[in-house]
Amino acid sequence: MGIRFNQVTHEYASYSKVTYKAIHNISLSILEHDEFIALVGHTGSGKSTLAKHMNALIFPTSGTVEIFNNIITKKRDKKIKYNSIRKSVGLVFQFPEYQLFEDTVEKDIMFGPLNFKVSIEEAKKVALESLELVGLDESYLNRNPFNLSGGEKKRVSIAGILALDPEILVLDEPTSGLDPEGKNILMRLFKDIHKKTNKTIIIITHDMDLVYQYFNRVLVLKDGELSFDGSPERLFKSDILDKNHLDFPNTIKTLKHIKETMNLDINIYQKTVEDVIKELNRVTKNE
Amino acid sequence: MSIISVRDVSFFYNEKKLGLKNINIEINKGEWIAILGHNGSGKSTLAKTLVGLLEPQKGEILIDQVLLNDETAYELRKKIGIVFQNPDNQFVGVTVRDDIAFGMENLCVPREEMLQKIEFYAKKVGMSKFLDKQPSNLSGGQKQRVAIAGILAMHSDILIFDEATSMLDPYTRNDLINYIKTLNKEGLTIIMITHDVNEALLADKMLILNKGELYAFEETAEILKKPEVFHECHLELPVALEVASLVKNIEVKEKLWEYALTK
């Protein structure tokens, strides 16, 4: 087992002494390998709080989180090596590009490994490998990260986390701020890393089009509670999205409209534009 | 009458990096303009020149018929508010209340009026409950709404949203878009930089930038008839229109168009 949440609740204290429950009574399991999971939910539904528990960046107020057989509770346990947990589960925050700080791409990616006492030669080797994993070649090594485009900066900062060779990778809205083409390039990259390394990857996103096209498991959070855990297909066939005021993928929305206004016998569950066109041509063939 | 005139504006970051090239635009009062373009096409550069954050090396910009320059920039900035993509970059207040007050304080709004306005605009953006919270404790979407409240409170005539909704979840985004619709009906000029073509459909006109040049600037319904413009500029068309351009059945085509344009 990679990560297991057992009835986890997290409350934030605030000034007015009123505590605020960010997540409530969450139980779920994530495998060590082979998972590709989307985490969706409204602003303030607890997605980021949930993600921060996955590498013990914050501790549950009640319940336990098991991370690679370390049991994380409310209290700090001296026997647990939190640093090694944070190495096993890499967490990439929203806008990771703001955390770039070195004057070359190579130095920036090497920073993490060097902190974990890897030799300079080894760190250099790892930096190049990680850079290639995010789809950039060695010509980037000596470039200044601040002169790169937004999408490139994102990739360099993700390479910095990959350089620590985490077992599991958690990314908080990695595609936000990118144009549609950039989003798809990055999603294909994650899928590619997932295929090459079998690493479990968990991605927070709002984009249901991406969820439908790329993922095989979706977690839906609502007001801090887990309201769905299953495949995108099952999610879109359920009433969970309507209940949660979440959006359907554009392919489904468009087909639903045509089905209703033209009274055609359409299978609305199509993932891509090509599939939508095929389905529409199929049902209108004889007219 | 034009509220914004951009006349032959060019901007270079340095010899190698071009920002904008020979841009000419007239924007009328009360219009809603969507600015679209690939990453690096010059969208944000254009927005920054409009508010005087960047000074073009060539050409001139007039806001409400007044030439934007060092002397007029301070006055003209009251007329234009800009909301950035990441509100973390624009927070100054210790609490949400302080943050909404900041712009008004600079404009010397009387205290009584300011207190009322803070309440009013916090409510408008759905953040009344959070007035005494620290901005750093808010989620990304909540922060963005606070930033918008701060600008609305200054009564700008022109509002620029630089991908300001890209970090919001769909529900919050719809809420905000509906509010922007109201503001537009009240006469505000809206300029919205966006990657979301569904959002851009709401605009009266679309302005498409490509590699720093003005590629197209037309009525929304007209430009949508030219899918090649979107493809050439690496932009996405709404799914319904992408499908409409390739589907065989005429009636389905029509329904798809209807669907895309009534959103």
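The values are calculated or read from the model by the stated rules, or taken from the named source; none is laboratory data. Owing to the predicted nature of the structure, the values given are computational and were not obtained by experimental measurement. Positions of Cβ are backbone-derived with ideal geometry, glycine not excepted, and every protein chain shown enters the neighbour counts.
Okay, residues lined up against (1) of a type outside the set (D, E, K, R); (2) assigned to a helix (DSSP H, G or I); (3) over 17 Å from A:Phe5 (Cβ atoms):
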residue	(1), (2), (3)
A:Ser45	yes, no, no
A:Ala56	yes, no, no
A:Gly63	yes, no, no
A:Leu91	yes, no, no
A:Gln94	yes, no, yes
A:Pro113	yes, yes, yes
A:Lys124	no, yes, yes
(message) I'd like to know if segment A:228-240 contains one or more residues that are within 12 Å of chain B (Cβ to nearest Cβ), of a type in the set (A, V, I, L, M) and within 30 Å of A:Leu50 (Cβ to Cβ).
(response) no
(request) Identify the single condition in (1) within 11 Å of chain A (Cβ to nearest Cβ); (2) under 19 Å from the mean Cα position of the chain (by Cα); (3) surrounded by fewer than 20 Cβ atoms within 10 Å (Cβ to Cβ) that B:Lys124 does not satisfy, given that it satisfies every other one. (result) (1)
(request) Could you tell me whether A:Leu171 is within 12 Å of chain B (Cβ to nearest Cβ) and not acidic (Asp, Glu)? (result) no
(request) Give the residue that is nearest to B:Phe130 (Cα to Cα), with candidates limited to residues of segment A:29-43 that are touching a residue at least 24 places away in the same chain (Cβ under 8 Å) and part of a loop (DSSP other than H, G, I, E, B). (result) A:His42
(request) Quick one: in segment B:1-17, of everything that is among the hydrophobic types (A, V, I, L, M, F, W, C) and surrounded by fewer than 17 Cβ atoms within 10 Å (Cβ to Cβ), which residue is farthest from B:Ser44 (Cα to Cα)? (result) B:Met1
(message) Checking B:Leu235 against (1) within 11 Å of chain A (Cβ to nearest Cβ); (2) in contact (Cβ under 8 Å) with a residue 60 or more places away in the chain; (3) part of a helix (DSSP H, G or I); (4) farther than 23 Å from A:Thr43 by Cα, only one condition comes out false. Which one?
(response) (3)
(message) So A:Tyr98 ticks every box in (1) surrounded by 14 or more Cβ atoms within 10 Å (Cβ to Cβ); (2) within 14 Å of chain B (Cβ to nearest Cβ) but one. Which box is left unticked?
(response) (1)
(request) Would you tally the residues in segment B:134-187 being under 25 Å from A:Leu210 (Cα atoms), without any contact (Cβ under 8 Å) to a residue 12 or more places away in the chain and not in a helix (DSSP H, G or I)? (result) 1
(request) Identify all residues within segment A:136-170 that are among the small types (Gly, Ala, Ser), closer than 24 Å to B:Ser44 by Cβ and within 21 Å of the chain's Cα centre (by Cα); write none if there are none. (result) A:Gly150, A:Gly151, A:Ser157
(request) Just name the residue that is nearest to the chain's Cα centre (by Cα) out of those in segment B:221-263 that are β-branched (Val, Ile, Thr) and closer than 29 Å to B:Gly42 by Cβ. (result) B:Ile223
(message) Suppose we filter B:Ala149, B:Ala73, B:Ala101 for residues that are away from every other protein chain (no Cβ under 14 Å), at pLDDT 85 or above and surrounded by 22 or more Cβ atoms within 10 Å (Cβ to Cβ); which single one remains?
(response) B:Ala149
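Applying the selection to segment B:152-183, what residues are acidic (Asp, Glu) and surrounded by fewer than 21 Cβ atoms within 10 Å (Cβ to Cβ)?
B:Asp157, B:Asp175
Restricting attention to segment B:104-116, does a residue exist that is over 18 Å from B:Phe11 (Cβ atoms), in contact with a strand residue (DSSP E or B) (Cβ under 6 Å, 6 or more places away or on another chain) and at pLDDT 90 or above?
Step one: filter segment B:104-116 for residues over 18 Å from B:Phe11 (Cβ atoms), giving B:104-116.
Filter once more, so that each one left must be in contact with a strand residue (DSSP E or B) (Cβ under 6 Å, 6 or more places away or on another chain): none.
No, there is no match, as no residue in segment B:104-116 is over 18 Å from B:Phe11 (Cβ atoms), in contact with a strand residue (DSSP E or B) (Cβ under 6 Å, 6 or more places away or on another chain) and at pLDDT 90 or above.
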(message) Restricting to segment A:74-122, count the residues that are within 24 Å of A:Ile202 (Cα to Cα) and touching a residue at least 40 places away in the same chain (Cβ under 8 Å).
(response) 20
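Conditions tested, residue by residue: (1) hydroxyl-bearing (Ser, Thr, Tyr); (2) assigned to a helix (DSSP H, G or I); (3) away from chain B (no Cβ under 14 Å).
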residue: A:Ala127; (1), (2), (3): no, yes, yes
residue: A:Lys154; (1), (2), (3): no, yes, no
residue: A:Ser157; (1), (2), (3): yes, yes, yes
residue: A:Gly160; (1), (2), (3): no, yes, yes
(message) As an exercise: evaluate A:Leu226 against (1) touching a residue at least 60 places away in the same chain (Cβ under 8 Å); (2) in contact with a Leu (Cβ under 7 Å, 6 or more places away or on another chain); (3) over 30 Å from A:Asp34 (Cβ atoms) and give the number of the one condition it does not meet.
(response) (3)
(request) Filter the helices (runs of 4 or more DSSP H) completely within segment A:235-287 down to those with at least 3 residues that are touching a helix residue (DSSP H, G or I) at 6+ places or on another chain (Cβ under 7 Å) and under 22 Å from A:Ala38 (Cα atoms). (result) A:250-262
